[in-house]
Amino acid sequence: MTTVQTSVYEPLTEPKAVALAVRLGLFRDGAPLACREIGDGNLNLVFHIVDQETKQGVIIKQALPYAKVVGESWPLTLKRAVIESNALRTFASYVPQYVPKVYYSDESLAITVMEDLSRLQIARKGLIEGKTYPLLSQHIDEFVAKTAFYTSDFGMNQQEKKKLAQSFVNPELCKITEDLVFTDPFFDHETNNFEDELRPDVEALWRDDRLHLEAAKLKRKFLTEADVLLHGDLHTGSIFASDDETKVIDPEFAFYGPIGFDLGQFFANLLLNALSRPELERQPLFDHINRTWDVFASVFSNLWRTESVETYAATPGLLEDVLRHAFIDAVGFAGCEVIRRTIGLAHVADLDGIEQKEVRLAAKRHALRLGRRLIVERAELTGTDGFRRLFAETER
Ligand SMILES: Nc1ncnc2c1ncn2[C@@H]1O[C@H](COP(=O)(O)OP(=O)(O)O)[C@@H](O)[C@H]1O
Ligand SMILES: CSC[C@H]1O[C@H](OP(=O)(O)O)[C@H](O)[C@@H]1O
């Protein structure tokens, strides 16, 4: 991977980002450049630099040595910038149409310079506005199926896979997920954040032994199954979309993990949006959930049958077993994501943005009931219609 190491780390400011863009020759000489820091995520700085005449832009994303959402009291490795640029390049080798182009990266400055995607909209924002993005699930699941297959022991040389997995060992970012997704929301932990009115519902989860056992099994899978290269944080805020184009950004949580994890995060964030909508406007989200699984299973199966490098791939029943477990795990991971986005440290605007307090609290109670059942009953959900059934059964 061509990440260079040229300078001593310092956080960029807008003028420094412009100076860097000029030094890197990203714009024609004398171009009138405007720059704005537009980062709205939890962790990093994002500078948008535009030539005001041609309107062409680039993005410089820089990791801070701490988690931006919490501050300097939460130190965080700068290495995540290398993971992010390498993941974008690796994904581009399989599905270039679904990731921004990386123009340059510098490990010491913890920066990734990439394609400006401002022509698109962050999918979470569009979904909250009521957009439906007809191709979203088809594109995301082609992205997930192809990157999963080609980085697995069935799609690539198995020695090469081990080396690739080594280059994506990402302990600090995985620890964030281990804590914030799989652990803290299930216990009385200081990182949790929820309205006082939800306390009885939350305390019921904290006392729930059956839920603890199933969440623990899912956490164990996340800790131990080095199956495929994952994006690691595939929520709708990590996806740019329009009616005909989709791009996945922000893979700083990338690592080798269980095949169902990215699918589960995506399912969950579609459900979180459905939870925020009136009943009659939810159908497009359930359609996306159904298509997500259908496209994933079909693309993955096709690659398995035609391109597998593993002798056992042709064994009757093996592909079906892999898909069945991927689905069950994805349902459970989705449940953990729904719960943590409701009462954990990092919320989503879909739920928090519901203005009327009683409606918001009802949606969050619904989310907790739904998340719990997705975790506990994941093996009994026979197909994607099960999401709709559980959604309806947990509404009141
Ligand atoms: N390639 C890009 N083109 C345009 N805007 C981008 C690009 N990458 C990030 N952004 C903007 O920056 C915001 C934060 O980026 P993100 O990668 O999600 O940061 P974080 O890692 O802090 O979550 C995005 O929501 C989007 O508005
Ligand atoms: C303290 S990190 C919390 C949360 O933020 C990450 O999301 P993003 O970088 O897209 O804002 C990730 O989901 C973490 O769990």
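Just one of Glu281, Glu252, Glu310 is at pLDDT 95 or above and surrounded by 24 or more Cβ atoms within 10 Å (Cβ to Cβ); which is it?
Details: Glu281 fails: surrounded by 24 or more Cβ atoms within 10 Å (Cβ to Cβ); Glu310 fails: surrounded by 24 or more Cβ atoms within 10 Å (Cβ to Cβ).
Being at pLDDT 95 or above and surrounded by 24 or more Cβ atoms within 10 Å (Cβ to Cβ) holds for just one of Glu281, Glu252, Glu310, which is Glu252.
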Candidate set from region 66-94 (those that are aromatic (Phe, Trp, Tyr) and within 12 Å of ligand 2 (Cβ to nearest atom)); member that is surrounded by the most Cβ atoms within 10 Å (Cβ to Cβ)
Tyr66
Are any residues in region 38-65 under 19 Å from Tyr103 (Cα atoms), among the charged types (D, E, K, R) and surrounded by fewer than 19 Cβ atoms within 10 Å (Cβ to Cβ), and if so, which ones?
Asp51, Lys55
Matching residues, region 50-69, being under 30 Å from Glu172 (Cα atoms) and among the hydrophobic types (A, V, I, L, M, F, W, C)
Val58, Ile59, Ile60, Ala63, Leu64, Ala67, Val69
Limited to region 10-65, what total is found for residues that are small (Gly, Ala, Ser), away from ligand 2 (no atom under 16 Å from the Cβ) and closer than 25 Å to Phe253 by Cβ?
1
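Given the structure, is Leu303 more than 26 Å from Glu395 (Cα to Cα), hydrophobic (A, V, I, L, M, F, W, C), in contact (Cβ under 8 Å) with a residue 24 or more places away in the chain and not in a helix (DSSP H, G or I)?
Details: more than 26 Å from Glu395 (Cα to Cα): yes; hydrophobic (A, V, I, L, M, F, W, C): yes; in contact (Cβ under 8 Å) with a residue 24 or more places away in the chain: yes; not in a helix (DSSP H, G or I): no.
Taking the combined requirement at face value, the residue does not satisfy it.
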Extreme residue, nearest to ligand 1 (Cβ to nearest atom), among residues of region 157-190 that are assigned to a loop (DSSP other than H, G, I, E, B) and surrounded by 17 or more Cβ atoms within 10 Å (Cβ to Cβ):
Asn170
Close pairs from region 241-254: first in contact (Cβ under 8 Å) with a residue 12 or more places away in the chain and over 16 Å from Ala92 (Cβ atoms), partner away from ligand 1 (no atom under 12 Å from the Cβ) and assigned to a loop (DSSP other than H, G, I, E, B), Cβ under 6 Å, at least 6 apart:
Ala241/Tyr133
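Residue-by-condition table, conditions (1) out of contact with any Lys or Arg (no Cβ under 6 Å at 6 or more places or on another chain); (2) within 14 Å of ligand 1 (Cβ to nearest atom); (3) without any contact (Cβ under 8 Å) to a residue 40 or more places away in the chain:
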| position | (1), (2), (3) |
| --- | --- |
| Lys55 | yes, yes, yes |
| Leu64 | yes, yes, no |
| Leu78 | yes, yes, no |
| Pro96 | yes, no, yes |
| Tyr103 | yes, yes, no |
| Met114 | yes, yes, no |
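For every residue, the table says whether it meets (1) within 13 Å of ligand 2 (Cβ to nearest atom); (2) aromatic (Phe, Trp, Tyr).
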| site | (1), (2) |
| --- | --- |
| Asp153 | no, no |
| Met156 | no, no |
| Asp184 | yes, no |
| Glu195 | no, no |
| Leu211 | no, no |
| Leu218 | no, no |
| Phe240 | yes, yes |
Among the residues that make up region 192-205, is at least one of them under 21 Å from the mean Cα position of the chain (by Cα), assigned to a helix (DSSP H, G or I) and not hydrophobic (A, V, I, L, M, F, W, C)?
no
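Please verify whether Thr246 is surrounded by 15 or more Cβ atoms within 10 Å (Cβ to Cβ), within 13 Å of ligand 2 (Cβ to nearest atom) and at pLDDT 95 or above, treating the condition exactly as stated. Outline the logic, then answer.
Details: surrounded by 15 or more Cβ atoms within 10 Å (Cβ to Cβ): yes; within 13 Å of ligand 2 (Cβ to nearest atom): no; at pLDDT 95 or above: yes.
Here the answer is no, as Thr246 does not meet what is asked.
The values are calculated or read from the model by the stated rules, or taken from the named source; none is laboratory data. Since the structure is predicted, the reported quantities are computational estimates derived from the model, not experimental observations. Note that each Cβ is placed from the backbone with ideal geometry, even for glycine, and that neighbours are counted across all protein chains shown.
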